[in-house]
Amino acid sequence: MKLYGTVVGTTGVSEVTIEGEQIVSLCPASSASAPSNLVIAPGFIDIQINGYGGLSFGTPEVTPEALDYVVRAQRRIGVLFICPTVCTTSHENTIHALRMLSEARRDPELAHAVPCYHLEGPYIGKEDGPRGAHPLPHVRPPDWDEFRRFQDAAEGKIGIITLGPEQPGAIPFIERLVESGVIAAIGHTGATPEQIRDAVAAGARLSTHLGNGSHARIDRHPNYIWEQLAADELCASIIADGHHLPPSVVKCMVRAKGVDRTILVSDAVAAAGLPPGVYPSEGKEIEVLPNGRVQMKGTPYLAGSGLILSEGVGNTVRFAGVSLAEAVQMATRNPASLLGLGETIGTVAPGREANLVLFRWNEQECSLDVESVVVRGRLIRVDEMEDATRPAGHQAF
(Lines give C-alpha, C1' and ligand atoms only; values in the text may rest on other atoms or scores of the structure.)
Protein backbone atom coordinates (compact mmCIF):
# COMPACT_ATOMS: atom_id res chain seq x y z
CA MET A 1 0.00 0.00 0.00
CA LYS A 2 1.20 3.49 -0.85
CA LEU A 3 0.05 6.67 0.87
CA TYR A 4 0.61 10.21 -0.35
CA GLY A 5 0.73 13.33 1.77
CA THR A 6 3.04 15.67 3.64
CA VAL A 7 4.69 13.82 6.49
CA VAL A 8 4.42 16.09 9.49
CA GLY A 9 7.60 18.10 9.95
CA THR A 10 8.60 17.90 6.29
CA THR A 11 7.75 19.80 3.13
CA GLY A 12 6.37 18.51 -0.15
CA VAL A 13 4.36 15.40 -0.87
CA SER A 14 5.90 12.10 0.20
CA GLU A 15 5.20 8.53 -0.77
CA VAL A 16 4.89 6.20 2.21
CA THR A 17 5.06 2.53 1.30
CA ILE A 18 3.61 -0.03 3.71
CA GLU A 19 4.04 -3.78 3.46
CA GLY A 20 2.26 -5.93 5.99
CA GLU A 21 2.35 -4.08 9.29
CA GLN A 22 5.48 -2.04 8.62
CA ILE A 23 6.56 1.13 6.86
CA VAL A 24 9.19 -0.03 4.39
CA SER A 25 10.05 3.20 2.58
CA LEU A 26 9.54 6.95 2.72
CA CYS A 27 10.54 9.11 -0.22
CA PRO A 28 9.47 12.19 -2.18
CA ALA A 29 6.48 11.46 -4.40
CA SER A 30 7.08 11.52 -8.12
CA SER A 31 5.66 14.38 -10.13
CA ALA A 32 3.27 11.91 -11.75
CA SER A 33 1.66 11.14 -8.38
CA ALA A 34 -1.62 12.84 -7.57
CA PRO A 35 -1.09 15.92 -5.37
CA SER A 36 -2.31 15.56 -1.81
CA ASN A 37 -3.16 18.07 0.89
CA LEU A 38 -3.22 15.40 3.57
CA VAL A 39 -0.84 15.46 6.53
CA ILE A 40 0.56 12.07 7.55
CA ALA A 41 1.51 11.72 11.21
CA PRO A 42 2.08 8.95 13.72
CA GLY A 43 -1.04 7.77 15.51
CA PHE A 44 -1.69 9.83 18.64
CA ILE A 45 -0.97 8.32 22.07
CA ASP A 46 -3.00 9.32 25.15
CA ILE A 47 -1.32 8.21 28.38
CA GLN A 48 -4.12 9.53 30.61
CA ILE A 49 -7.74 8.85 29.71
CA ASN A 50 -10.32 8.01 32.35
CA GLY A 51 -13.26 7.35 30.03
CA TYR A 52 -15.20 8.65 27.07
CA GLY A 53 -18.69 8.80 25.62
CA GLY A 54 -20.51 8.10 28.89
CA LEU A 55 -18.21 5.27 30.01
CA SER A 56 -15.59 5.29 32.75
CA PHE A 57 -12.80 2.79 33.43
CA GLY A 58 -12.94 3.21 37.22
CA THR A 59 -16.57 2.47 38.10
CA PRO A 60 -17.77 -0.75 39.71
CA GLU A 61 -19.90 -1.36 36.59
CA VAL A 62 -16.99 -1.34 34.17
CA THR A 63 -16.89 -4.25 31.72
CA PRO A 64 -14.41 -5.42 29.09
CA GLU A 65 -16.75 -4.03 26.43
CA ALA A 66 -16.12 -0.51 27.75
CA LEU A 67 -12.48 -0.66 26.64
CA ASP A 68 -13.48 -1.90 23.19
CA TYR A 69 -15.93 0.99 22.86
CA VAL A 70 -13.42 3.66 23.88
CA VAL A 71 -10.62 2.29 21.68
CA ARG A 72 -12.84 2.29 18.61
CA ALA A 73 -14.30 5.72 19.36
CA GLN A 74 -10.82 7.20 19.82
CA ARG A 75 -9.73 6.04 16.38
CA ARG A 76 -12.10 8.58 14.86
CA ILE A 77 -9.96 11.36 16.32
CA GLY A 78 -6.63 9.78 15.43
CA VAL A 79 -5.82 8.32 18.87
CA LEU A 80 -4.52 4.80 18.26
CA PHE A 81 -2.97 4.06 21.65
CA ILE A 82 -4.35 4.76 25.12
CA CYS A 83 -3.37 4.11 28.73
CA PRO A 84 -6.73 3.53 30.46
CA THR A 85 -6.60 5.42 33.73
CA VAL A 86 -8.10 4.20 37.00
CA CYS A 87 -8.45 6.91 39.63
CA THR A 88 -8.62 6.72 43.42
CA THR A 89 -11.30 4.34 44.61
CA SER A 90 -11.64 1.42 47.01
CA HIS A 91 -9.27 -1.52 46.88
CA GLU A 92 -12.07 -3.76 45.63
CA ASN A 93 -13.14 -1.37 42.86
CA THR A 94 -9.54 -0.95 41.70
CA ILE A 95 -9.03 -4.71 41.54
CA HIS A 96 -12.26 -5.13 39.59
CA ALA A 97 -11.39 -2.38 37.10
CA LEU A 98 -7.93 -3.79 36.45
CA ARG A 99 -9.30 -7.29 35.98
CA MET A 100 -11.87 -6.06 33.47
CA LEU A 101 -9.20 -4.16 31.52
CA SER A 102 -6.99 -7.23 31.47
CA GLU A 103 -9.85 -9.41 30.31
CA ALA A 104 -10.46 -6.96 27.47
CA ARG A 105 -6.78 -7.03 26.48
CA ARG A 106 -7.07 -10.71 25.64
CA ASP A 107 -8.43 -9.41 22.34
CA PRO A 108 -5.25 -8.83 20.25
CA GLU A 109 -6.74 -5.68 18.74
CA LEU A 110 -7.22 -4.15 22.18
CA ALA A 111 -3.90 -5.42 23.49
CA HIS A 112 -2.20 -3.57 20.65
CA ALA A 113 -4.08 -0.34 21.41
CA VAL A 114 -3.43 -0.49 25.16
CA PRO A 115 0.28 -0.78 25.98
CA CYS A 116 -0.32 -0.35 29.73
CA TYR A 117 -2.61 1.12 32.39
CA HIS A 118 -2.24 4.34 34.38
CA LEU A 119 -3.09 4.16 38.08
CA GLU A 120 -3.85 7.73 39.24
CA GLY A 121 -3.97 7.35 43.00
CA PRO A 122 -4.84 6.17 45.57
CA TYR A 123 -1.43 7.20 46.92
CA ILE A 124 -1.88 10.93 46.27
CA GLY A 125 -1.92 14.03 48.52
CA LYS A 126 -4.80 14.24 50.99
CA GLU A 127 -5.22 18.01 51.13
CA ASP A 128 -8.12 19.78 49.53
CA GLY A 129 -6.95 21.20 46.22
CA PRO A 130 -4.13 18.78 45.46
CA ARG A 131 -6.54 15.87 45.94
CA GLY A 132 -8.88 17.33 43.31
CA ALA A 133 -12.04 15.28 42.87
CA HIS A 134 -10.46 12.09 44.24
CA PRO A 135 -12.52 10.82 47.24
CA LEU A 136 -10.74 11.46 50.54
CA PRO A 137 -11.87 8.19 52.23
CA HIS A 138 -9.90 6.17 49.67
CA VAL A 139 -6.69 8.26 49.64
CA ARG A 140 -3.96 6.41 51.50
CA PRO A 141 -0.16 6.03 51.84
CA PRO A 142 1.65 3.74 49.40
CA ASP A 143 1.50 0.06 50.24
CA TRP A 144 3.77 -2.24 48.25
CA ASP A 145 1.79 -5.39 49.07
CA GLU A 146 -1.40 -3.71 47.89
CA PHE A 147 0.32 -2.55 44.73
CA ARG A 148 1.46 -6.11 44.02
CA ARG A 149 -2.17 -7.20 44.28
CA PHE A 150 -3.13 -4.43 41.88
CA GLN A 151 -0.38 -5.53 39.49
CA ASP A 152 -1.51 -9.15 39.69
CA ALA A 153 -5.06 -8.11 38.77
CA ALA A 154 -3.59 -6.05 35.91
CA GLU A 155 -1.53 -9.03 34.75
CA GLY A 156 1.58 -6.87 35.00
CA LYS A 157 0.24 -4.05 32.83
CA ILE A 158 0.25 -1.14 35.29
CA GLY A 159 2.86 1.02 33.58
CA ILE A 160 2.34 4.42 35.24
CA ILE A 161 1.42 5.37 38.81
CA THR A 162 0.65 8.95 39.83
CA LEU A 163 1.32 9.62 43.51
CA GLY A 164 2.11 12.39 45.99
CA PRO A 165 5.70 12.40 47.31
CA GLU A 166 4.49 13.82 50.64
CA GLN A 167 2.74 10.58 51.56
CA PRO A 168 4.58 8.51 54.21
CA GLY A 169 6.78 5.93 52.52
CA ALA A 170 6.43 7.49 49.07
CA ILE A 171 10.14 7.84 48.32
CA PRO A 172 11.13 4.18 48.95
CA PHE A 173 7.92 3.20 47.12
CA ILE A 174 9.06 5.20 44.08
CA GLU A 175 12.43 3.44 44.22
CA ARG A 176 10.70 0.06 44.16
CA LEU A 177 8.45 1.15 41.27
CA VAL A 178 11.49 2.15 39.25
CA GLU A 179 13.20 -1.16 40.00
CA SER A 180 10.12 -3.00 38.76
CA GLY A 181 9.94 -0.98 35.53
CA VAL A 182 6.88 1.12 36.40
CA ILE A 183 6.93 4.86 35.64
CA ALA A 184 6.56 6.91 38.81
CA ALA A 185 4.65 10.14 38.18
CA ILE A 186 4.25 13.11 40.51
CA GLY A 187 0.73 14.49 40.66
CA HIS A 188 -2.17 15.54 42.88
CA THR A 189 0.43 16.73 45.33
CA GLY A 190 1.08 19.48 47.83
CA ALA A 191 4.65 18.31 48.38
CA THR A 192 7.42 20.63 49.48
CA PRO A 193 10.18 21.44 47.00
CA GLU A 194 12.48 19.15 48.98
CA GLN A 195 10.01 16.28 48.69
CA ILE A 196 9.76 16.88 44.94
CA ARG A 197 13.56 16.76 44.66
CA ASP A 198 13.64 13.54 46.70
CA ALA A 199 11.06 11.96 44.38
CA VAL A 200 13.10 12.93 41.33
CA ALA A 201 16.26 11.53 42.92
CA ALA A 202 14.36 8.30 43.60
CA GLY A 203 13.55 7.99 39.89
CA ALA A 204 10.25 9.78 39.23
CA ARG A 205 10.05 10.60 35.52
CA LEU A 206 6.74 12.37 34.90
CA SER A 207 4.64 15.25 36.21
CA THR A 208 0.98 14.34 35.79
CA HIS A 209 -1.18 17.18 34.36
CA LEU A 210 1.20 19.77 35.74
CA GLY A 211 -0.54 22.86 37.12
CA ASN A 212 -3.68 20.91 38.02
CA GLY A 213 -4.39 18.81 41.09
CA SER A 214 -2.89 21.63 43.16
CA HIS A 215 -3.84 24.36 45.63
CA ALA A 216 -5.69 27.40 44.31
CA ARG A 217 -2.99 29.55 45.95
CA ILE A 218 0.62 28.61 46.65
CA ASP A 219 3.84 30.36 47.66
CA ARG A 220 5.09 32.60 44.91
CA HIS A 221 8.56 31.09 44.52
CA PRO A 222 9.36 27.92 46.50
CA ASN A 223 6.57 25.62 45.36
CA TYR A 224 5.96 22.25 43.77
CA ILE A 225 5.10 23.64 40.30
CA TRP A 226 8.35 25.57 39.84
CA GLU A 227 10.33 22.64 41.25
CA GLN A 228 8.86 20.24 38.70
CA LEU A 229 9.30 22.71 35.84
CA ALA A 230 12.96 23.04 36.76
CA ALA A 231 13.62 19.30 36.97
CA ASP A 232 15.07 18.20 33.63
CA GLU A 233 14.57 14.58 34.68
CA LEU A 234 10.78 15.04 34.55
CA CYS A 235 8.57 15.11 31.49
CA ALA A 236 5.39 17.09 32.06
CA SER A 237 1.97 16.11 30.80
CA ILE A 238 -0.47 18.98 30.29
CA ILE A 239 -4.18 19.33 29.50
CA ALA A 240 -4.33 21.90 26.69
CA ASP A 241 -8.06 22.53 26.67
CA GLY A 242 -8.02 26.20 27.70
CA HIS A 243 -9.99 25.35 30.85
CA HIS A 244 -7.53 23.43 33.03
CA LEU A 245 -4.68 25.77 32.10
CA PRO A 246 -4.97 29.26 30.58
CA PRO A 247 -3.26 29.55 27.16
CA SER A 248 -0.50 31.71 28.66
CA VAL A 249 0.31 29.01 31.22
CA VAL A 250 0.47 26.34 28.49
CA LYS A 251 2.91 28.57 26.61
CA CYS A 252 5.12 29.11 29.66
CA MET A 253 5.14 25.43 30.59
CA VAL A 254 6.04 24.31 27.08
CA ARG A 255 8.86 26.85 26.98
CA ALA A 256 10.12 25.81 30.42
CA LYS A 257 10.04 22.05 29.82
CA GLY A 258 10.88 22.26 26.12
CA VAL A 259 9.16 20.41 23.30
CA ASP A 260 11.05 17.19 23.98
CA ARG A 261 9.83 16.95 27.60
CA THR A 262 6.18 17.95 27.12
CA ILE A 263 3.42 15.37 26.65
CA LEU A 264 -0.15 16.22 25.71
CA VAL A 265 -2.93 14.28 27.44
CA SER A 266 -6.70 14.53 27.35
CA ASP A 267 -7.38 13.36 30.94
CA ALA A 268 -10.85 12.79 29.48
CA VAL A 269 -13.65 11.67 31.77
CA ALA A 270 -16.84 9.86 30.87
CA ALA A 271 -18.48 13.14 29.83
CA ALA A 272 -15.99 13.64 26.99
CA GLY A 273 -17.64 13.13 23.63
CA LEU A 274 -21.14 13.76 24.96
CA PRO A 275 -23.36 16.61 23.71
CA PRO A 276 -23.84 19.69 25.89
CA GLY A 277 -26.22 19.00 28.75
CA VAL A 278 -26.57 17.98 32.38
CA TYR A 279 -25.66 14.45 33.49
CA PRO A 280 -25.88 12.62 36.84
CA SER A 281 -22.57 11.62 38.39
CA GLU A 282 -22.13 9.89 41.76
CA GLY A 283 -25.18 11.53 43.28
CA LYS A 284 -24.36 14.95 41.84
CA GLU A 285 -24.93 16.66 38.52
CA ILE A 286 -22.28 17.72 36.06
CA GLU A 287 -22.71 20.01 33.11
CA VAL A 288 -21.09 19.80 29.69
CA LEU A 289 -20.97 23.28 28.20
CA PRO A 290 -21.03 24.04 24.45
CA ASN A 291 -17.31 24.96 24.59
CA GLY A 292 -16.47 21.50 25.94
CA ARG A 293 -15.89 22.54 29.54
CA VAL A 294 -17.08 19.95 32.09
CA GLN A 295 -18.07 21.39 35.47
CA MET A 296 -20.22 20.75 38.51
CA LYS A 297 -23.68 22.12 37.71
CA GLY A 298 -24.23 25.59 39.09
CA THR A 299 -20.57 26.09 40.04
CA PRO A 300 -17.37 27.24 38.31
CA TYR A 301 -15.55 24.09 39.45
CA LEU A 302 -14.21 21.68 36.85
CA ALA A 303 -15.54 18.12 36.95
CA GLY A 304 -12.91 16.61 34.68
CA SER A 305 -11.86 17.09 31.11
CA GLY A 306 -13.97 16.87 27.98
CA LEU A 307 -10.92 17.26 25.73
CA ILE A 308 -10.15 15.04 22.78
CA LEU A 309 -6.43 14.76 22.08
CA SER A 310 -6.59 15.97 18.47
CA GLU A 311 -8.07 19.25 19.73
CA GLY A 312 -5.27 19.47 22.27
CA VAL A 313 -2.75 19.29 19.43
CA GLY A 314 -4.37 22.21 17.63
CA ASN A 315 -4.78 24.19 20.85
CA THR A 316 -1.09 23.78 21.65
CA VAL A 317 -0.10 25.27 18.30
CA ARG A 318 -2.37 28.22 19.04
CA PHE A 319 -1.56 28.63 22.74
CA ALA A 320 2.19 28.00 22.76
CA GLY A 321 3.24 29.27 19.35
CA VAL A 322 4.86 25.96 18.42
CA SER A 323 4.74 24.35 15.00
CA LEU A 324 2.28 21.63 14.06
CA ALA A 325 5.18 19.15 13.98
CA GLU A 326 6.19 20.10 17.52
CA ALA A 327 2.65 19.77 18.85
CA VAL A 328 2.26 16.39 17.13
CA GLN A 329 5.55 15.26 18.69
CA MET A 330 4.07 15.98 22.12
CA ALA A 331 1.22 13.57 21.37
CA THR A 332 3.27 10.88 19.61
CA ARG A 333 7.03 10.56 19.86
CA ASN A 334 7.31 11.88 23.41
CA PRO A 335 4.75 9.55 25.03
CA ALA A 336 6.12 6.64 22.97
CA SER A 337 9.59 7.36 24.32
CA LEU A 338 8.32 7.62 27.89
CA LEU A 339 6.63 4.22 27.56
CA GLY A 340 9.75 2.64 26.06
CA LEU A 341 8.07 2.15 22.66
CA GLY A 342 10.04 4.70 20.65
CA GLU A 343 11.59 2.09 18.39
CA THR A 344 8.17 0.78 17.33
CA ILE A 345 5.65 3.64 17.33
CA GLY A 346 5.58 7.42 17.53
CA THR A 347 7.39 8.33 14.30
CA VAL A 348 6.86 7.94 10.56
CA ALA A 349 9.97 6.13 9.35
CA PRO A 350 11.02 2.93 7.58
CA GLY A 351 11.14 0.01 9.96
CA ARG A 352 8.47 1.42 12.26
CA GLU A 353 5.08 -0.21 12.68
CA ALA A 354 2.49 1.40 10.38
CA ASN A 355 0.19 3.18 12.83
CA LEU A 356 -0.68 6.50 11.26
CA VAL A 357 -3.25 9.28 11.20
CA LEU A 358 -4.05 11.15 7.98
CA PHE A 359 -5.69 14.53 8.45
CA ARG A 360 -6.34 17.90 6.88
CA TRP A 361 -4.84 20.85 8.73
CA ASN A 362 -6.60 24.21 8.94
CA GLU A 363 -3.76 26.61 9.64
CA GLN A 364 -6.01 29.60 10.26
CA GLU A 365 -8.11 27.86 12.90
CA CYS A 366 -5.33 25.57 14.18
CA SER A 367 -7.62 22.58 13.85
CA LEU A 368 -7.31 19.20 12.23
CA ASP A 369 -9.88 17.00 10.53
CA VAL A 370 -9.02 13.30 10.59
CA GLU A 371 -9.75 11.54 7.30
CA SER A 372 -8.37 8.08 8.01
CA VAL A 373 -6.05 6.05 10.20
CA VAL A 374 -3.70 3.17 9.60
CA VAL A 375 -3.65 0.47 12.28
CA ARG A 376 -0.84 -2.06 11.88
CA GLY A 377 -0.83 -1.53 8.12
CA ARG A 378 -4.61 -1.54 7.74
CA LEU A 379 -6.15 1.64 6.28
CA ILE A 380 -9.46 2.63 7.91
CA ARG A 381 -11.36 5.66 6.63
CA VAL A 382 -13.27 7.59 9.29
CA ASP A 383 -16.37 7.83 7.09
CA GLU A 384 -16.34 4.04 6.73
CA MET A 385 -15.87 3.25 10.41
CA GLU A 386 -18.79 1.61 12.09
CA ASP A 387 -20.15 3.64 14.97
CA ALA A 388 -18.81 2.24 18.21
CA THR A 389 -21.73 0.74 20.13
CA ARG A 390 -21.87 1.75 23.76
CA PRO A 391 -22.16 -1.48 25.79
CA ALA A 392 -25.44 -2.03 27.58
CA GLY A 393 -25.39 -2.21 31.33
CA HIS A 394 -22.41 0.10 31.74
CA GLN A 395 -23.57 3.69 31.68
CA ALA A 396 -21.57 6.22 33.64
CA PHE A 397 -24.44 8.62 32.81
Just going by the charge dipole of the chain, with Lys and Arg at +1 and Asp and Glu at -1 on Cβ, which of Ala354, Asn291, Pro84 is farthest out on the positive end?
-> Asn291
Of all C-alpha pairs within the range 145-239, those more than 17 angstrom apart amount in percent to 46 percent
Reduced to Cα centres, the span from the range 213-250 to the range 65-117 in Å works out to 28 Å
nm² value of the averaged projected area, convex hull over the Cα atoms of the range 191-261 | 4.5 nm²
Please report, in Å, the Rg and the Dmax of the range 1-98, where both are computed over Cα atoms only.
-> 19.2, 62
Evaluated at 20 °C with a viscosity of 1.002 mPa s, what Stokes-Einstein diffusion coefficient in µm²/s does the range 321-393 have when Rh comes from the Kirkwood expression over alpha-carbon pairs?
-> 151 µm²/s
Value of Rg/Rh across the range 177-319 [Cα atoms, Kirkwood radius] | 1.00
When the accessible area of the range 43-154 is computed with all protein chains present and a 1.4 Å probe, what percentage of it is carbon and sulfur?
-> 49 percent
Theoretical ellipticity at 222 nm over the chain - DSSP helices of four or more residues, -39500 (n - 2.57) apiece, nearest 500 | -7500 deg cm²/dmol
What relative contact order, as a whole-number percentage, does the chain give when Cα pairs under 8 Å and 6 or more residues apart are counted?
-> 20 percent
Long-range alpha-carbon pairs in the range 1-56, meaning those over 13 Å apart, account in percent for 66 percent
Counting only protein heavy atoms with a 1.4 Å probe and every protein chain in place, the carbon and sulfur fraction of the accessible surface of the range 205-344 in whole percent equals 51 percent
Could you give the accessible area per residue of the range 49-133, probe 1.4 Å, as a whole number in Å²?
-> 29 Å²
For the range 95-151, compute Rh as the Kirkwood radius over C-alpha pairs and then the Stokes-Einstein diffusion coefficient at 20 °C and 1.002 mPa s; write the answer in µm²/s, rounded to an integer.
-> 163 µm²/s
Positive-end residue of Gly159, Leu177, Ala133, charge dipole of the range 107-224 with Cβ unit charges | Ala133
Exposed-site-free run, longest, the chain (rule: GluC sites (Glu not before Pro); DSSP loop; at most 16 other C-beta within 10 Å) | 156-232
Low-density loop cleavage sites - trypsin sites (Lys or Arg not before Pro) in the range 117-225, where at most 14 other Cβ are within 10 Å (DSSP) = Arg217, Arg220
Can you tell me the Rg and the Dmax, both Å, for the Cα atoms in the range 66-163?
-> 14.0, 41
Output the relative contact order of the range 314-392, whole-number percent, from Cα pairs under 8 angstrom with separation of 6+ residues.
-> 19 percent
Could you pull the Rg and Dmax for the range 289-360, using just the Cα atoms, both in Å?
-> 15.8, 52
Tell me, what does the Kirkwood hydrodynamic radius of the chain come to in angstroms if you use every pair of distinct C-alpha atoms?
-> 21.2 Å
Could you give the angle, 0 to 90 degrees to the nearest 10, between helix 193-202's Cα long axis and the longest principal axis of the Cα atoms of the chain?
-> 60 degrees
Place a point 7 Å from the Cα of Ala325 in the direction of its beta carbon; the residues of the range 247-271 whose amide N falls under 17 Å from it are 259-261
Could you tell me which trypsin sites (Lys or Arg not before Pro) in the range 289-369 are loop residues by DSSP with no more than 16 other beta carbons within 10 angstrom of their beta carbon?
-> Lys297
Rule-of-thumb Rg ratio for the range 252-333 [Cα; 2.2 N^0.38 Å; N residues] | 1.26
Over the range 232-364, relative contact order from alpha-carbon pairs under 8 Å, at least 6 apart, % | 23 percent
What fraction of the DSSP beta bridges in the chain is antiparallel, stated in percent and rounded to the nearest 5?
-> 60 percent
Size of the range 258-393 along its principal axes in angstrom, Cα-based, largest extent first?
-> 51, 37, 33
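The values are calculated or read from the model by the stated rules, or taken from the named source; none is laboratory data. Here the structure is a predicted model, which means the values were calculated and not measured. For neighbour counting, all protein chains shown are included, and Cβ atoms are generated from backbone atoms with ideal geometry for every residue, glycine included. For accessibility, only protein heavy atoms count, side chains too; no ligands or nucleic acids. Shrake-Rupley method; radii C 1.70, N 1.55, O 1.52, S 1.80 Å.
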